[in-house]
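Asks: Next up is a structure, given as structure tokens.
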Amino acid sequence: MALRTLKPKVAMLAPRLKRYAPGDETERSRYRDETQAWRRWYKTARWQKLRMSVLVRDLFTCQMCRKMETNTSQLVCDHVDQHHGNEEAFWSGPFQTLCKTCHDSTKQKMERRL
């Protein structure tokens, strides 16, 4: 008796999460901007002024690795405590200056553990 392939009984399900190619941060960021309304707050003049005041206060120095960075595009004004989209927590802080490396690796790992 020969074996034969049976037709699948379940159709392929569409993925529920959009997948991004490694390094496609621009597209991922655009998607997050569209789905998380609080991310617009980062594009306001109010945030830019607050961010710069924190960077100046911390003397453009990462509070984790202590690296001083003159290129402000490589510095992040970080919320010490997660705000989870709460507007009052977003604007009230506390804040710290982090270099992008510390923010995108060390700080993110710490927050994922919580």
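Asks: How far apart, in nm, are two points set 7 Å out from the Cα along the Cα-to-Cβ line at Thr101 and at Lys43?
Replies: Using points 7 Å along Cα→Cβ, the separation is 3.1 nm.
Asks: Could I have the simple spin-label model distance between Asn71 and Glu34, label points 7 Å from Cα toward Cβ, reported in nm to one decimal?
Replies: Using points 7 Å along Cα→Cβ, the separation is 3.0 nm.
Asks: Next question. Taking θ as phi - 60°, what are the ³J(HN,Hα) couplings along segment 62-78 by the Karplus curve (6.51, -1.76, 1.60), each to the nearest whole Hz, with x for Gly and Pro?
Replies: Result, rounded to whole Hz: 5, 7, 9, 9, 6, 6, 8, 10, 7, 8, 5, 5, 9, 10, 10, 8, 9.
Asks: When Lys and Arg each count +1 and Asp and Glu each count -1, what net charge do the other residues less than 12 Å away from Cys65, Cβ to Cβ, add up to?
Replies: +3
Asks: Simple spin-label model, 7 Å along Cα-to-Cβ: Glu25 to Ala89 in nm?
Replies: That separation, rounded to one decimal, is 2.5 nm.
Bear in mind these aren't lab numbers, they're just calculated from the coordinates by the rules spelled out. Values in this document were obtained by computation on a predicted structure and should not be read as measured data. A quick note on method: Cβ atoms are made from the backbone with ideal geometry, for glycine too, and the neighbour counts reach across all protein chains shown.
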